[in-house]
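Colleague: One structure follows; several queries about it will come next.
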2 protein chains.
Amino acid sequence: MVVKSQIKLIKSLRQKKYRIQHRMFVAEGIKTVQELLRSNFGVYKIYVTDSAQLKIKHHQGELISESELNVMSSLKNPNGVLAVFYFPEAKPVDFTDWLVVLDGINDPGNLGTIIRLCDWFGIRHLVCSPNTVDCFNPKVLQATMGSISRINVVYRELPDFLSNVGVPIYGAYMQGETIYKKEVSKTGILVMGNEANGISKEVEALINEKISIPQFGKETTESLNVATATAILLSEIRRDRIANPTRT
Amino acid sequence: MVVKSQIKLIKSLRQKKYRIQHRMFVAEGIKTVQELLRSNFGVYKIYVTDSAQLKIKHHQGELISESELNVMSSLKNPNGVLAVFYFPEAKPVDFTDWLVVLDGINDPGNLGTIIRLCDWFGIRHLVCSPNTVDCFNPKVLQATMGSISRINVVYRELPDFLSNVGVPIYGAYMQGETIYKKEVSKTGILVMGNEANGISKEVEALINEKISIPQFGKETTESLNVATATAILLSEIRRDRIANPTRT
């Protein structure tokens, strides 16, 4: 049986302030937990139901009932396992390859999708403004499908961070140079702005190139969702590398 | 005051079977309702709160209180207006430009995002298998941001529909020809499969070309989300048209 103090701790970790206080977060679902176990995340505790036990083989796994899992889970349909991990050590950001910077992303699903996209496109560092949603938010983790284990997500004051990067800074705008005709540099930074307000004034001052995705439909549509726009821009950046492998 | 029978009707429209029975659906939020009013959707009823009244000017608008809206709304945070529209007439699908076919998309957010993408990229027809989530599901409407008013979404048995199209049929696969090096035809069909299982066997038999988006990260990642993959593939199809405007 799971002791009350543990249940209280686990529930408290749904809130960012307690995650920061304890430097721990909760991951749920077989796939996500498996991916985190495979990586270097320190394990505090793993709770697993009978049905998921074969899939999560780990010496620290504690067998619990479905109803105990329901009490601890933040999901409508818990999926066999809930684990508490320690925050990973933030790695230093390097500029040898492209990286992505997020300026005030609010929606957990968008951040989770962008983390998953970084993983697909081999972007190792994701730098977020302090007002971007927390990457250990349960809904973000859910959307990353385990990709969080492979991406170095750090939170920085962007004007400070972007002042000294030594690589070109590209910002996604509604009005900018079309990405289809642009040759991008070999390394650089892609900045994506807030869902409603785009890139902030302070960050805009540091952007070297404004880029955009041309629209083909009627002009009544407002804009692409930030996660789908990130998908298209990262694809363009990588396809460019395939088309021009030797360019520096 | 909203009469009880109306509240009952509106709540019943959260379920697909009652939407089909009444041939009506509920739209919420100022932006979505505005877009639908601007289009050809027949209006059955509009309920609007005092705060939203100036934004939704319509002779049929009935003033209601915030608490009445809360009772009728399927949203956690209702946004000023709720309207009931009649189903639009399905238009005939034509093959003079690219169209998108969805084979068993389950997630309302994915379908909504794909409808919004079609709007951005000027795709006018979206053909869905009968087991794809209903496009008038409240969560789908929420994610389309009004784009639903500009896209002709129809539900068809895909093996039957795809048998007689007269244009090349491209299917998105994990293993296929890389889209970055492929020249696509001027018109064609892009088929996207179910989130977990991909394109069904029956539809696969009708695919002419298997295409895929190359992965740049470590191979441990599973796949791109279907909406982000659609974003990248539509972008590639349209960019190709820009690069080769005269090709047929």
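The values are calculated or read from the model by the stated rules, or taken from the named source; none is laboratory data. Treat the numbers as computed from the prediction; the structure is a model and nothing was measured. Backbone-built Cβ (ideal geometry, glycine too); neighbour counts: all protein chains shown.
Colleague: From the set of residues in region A:235-248 that are in contact with a helix residue (DSSP H, G or I) (Cβ under 6 Å, 6 or more places away or on another chain) and modelled with pLDDT of 90 or more, which is nearest to the other protein chains (Cβ to nearest Cβ)? It would help to see each step written out before you state the result.
Modeller: Kept after step one, since they are in contact with a helix residue (DSSP H, G or I) (Cβ under 6 Å, 6 or more places away or on another chain), are these residues of region A:235-248: A:235-236, A:239, A:242.
Now drop any that are not modelled with pLDDT of 90 or more, which leaves A:235-236.
Working: A:235: 4, A:236: 8 Å.
Filtering region A:235-248 for residues that are in contact with a helix residue (DSSP H, G or I) (Cβ under 6 Å, 6 or more places away or on another chain) and modelled with pLDDT of 90 or more, the one nearest to the other protein chains (Cβ to nearest Cβ) comes out as A:235.
Colleague: If the Cβ limit is 7 Å and pairs must be 6+ apart or interchain, which residue in region B:114-125 that is under 17 Å from residue B:141 (Cα atoms) pairs with which residue that is basic (Lys, Arg)?
Modeller: Cβ pairs passing all conditions: B:119/B:150.
Colleague: Could I ask something else about it? Exactly one of these conditions fails for residue B:66: (1) of a type in the set (Asp, Glu); (2) loosely packed, with under 15 Cβ neighbours inside 10 Å; (3) touching a Pro at 6+ places or on another chain (Cβ under 7 Å). Give me its number.
Modeller: Of (1) of a type in the set (Asp, Glu); (2) loosely packed, with under 15 Cβ neighbours inside 10 Å; (3) touching a Pro at 6+ places or on another chain (Cβ under 7 Å), only one is false for residue B:66: (3).
Colleague: Oh, and also: Every residue in region B:119-133 that is more than 13 Å from residue B:93 (Cβ to Cβ) and within 13 Å of chain A (Cβ to nearest Cβ), please.
Modeller: B:119, B:120, B:121, B:122
Colleague: Go through (1) touching a Gly at 6+ places or on another chain (Cβ under 6 Å); (2) within 14 Å of chain B (Cβ to nearest Cβ) one by one and return the number of the condition residue A:142 breaks.
Modeller: With respect to (1) touching a Gly at 6+ places or on another chain (Cβ under 6 Å); (2) within 14 Å of chain B (Cβ to nearest Cβ), residue A:142 is out only on (1).
Colleague: How many of the residues in region A:155-187 are of a type in the set (Val, Ile, Thr) and exposed (fewer than 15 other Cβ atoms within 10 Å of the Cβ)?
Modeller: Looking only at that region, the number is 1.
Colleague: Please specify each residue of region B:63-116 satisfying the condition of being within 14 Å of another protein chain (Cβ to nearest Cβ) and among the charged types (D, E, K, R).
Modeller: Within region B:63-116, B:76, B:97, B:107, B:116 qualify.
Colleague: Is it the case, given these coordinates, that residue A:211 is within 14 Å of chain B (Cβ to nearest Cβ), surrounded by 15 or more Cβ atoms within 10 Å (Cβ to Cβ) and within 16 Å of residue A:168 (Cβ to Cβ)?
Modeller: Spelling it out, residue A:211 is indeed within 14 Å of chain B (Cβ to nearest Cβ), surrounded by 15 or more Cβ atoms within 10 Å (Cβ to Cβ) and within 16 Å of residue A:168 (Cβ to Cβ).
Colleague: Right, something else. Those residues that are away from chain B (no Cβ under 14 Å), farther than 27 Å from residue A:131 by Cβ and surrounded by 15 or more Cβ atoms within 10 Å (Cβ to Cβ), I need them from region A:11-51; list them, please.
Modeller: A:33, A:43, A:44, A:45, A:46, A:47, A:48, A:49
Colleague: For residue A:184, indicate whether it is more than 11 Å from every other protein chain (Cβ to nearest Cβ), touching a helix residue (DSSP H, G or I) at 6+ places or on another chain (Cβ under 6 Å) and at pLDDT below 95.
Modeller: Against the criterion (more than 11 Å from every other protein chain (Cβ to nearest Cβ), touching a helix residue (DSSP H, G or I) at 6+ places or on another chain (Cβ under 6 Å) and at pLDDT below 95), residue A:184 qualifies.
Colleague: Tell me which residues, restricted to region A:153-181, are within 14 Å of another protein chain (Cβ to nearest Cβ) and touching a Pro at 6+ places or on another chain (Cβ under 7 Å).
Modeller: Answer for region A:153-181, where residues must be within 14 Å of another protein chain (Cβ to nearest Cβ) and touching a Pro at 6+ places or on another chain (Cβ under 7 Å): A:178, A:180.
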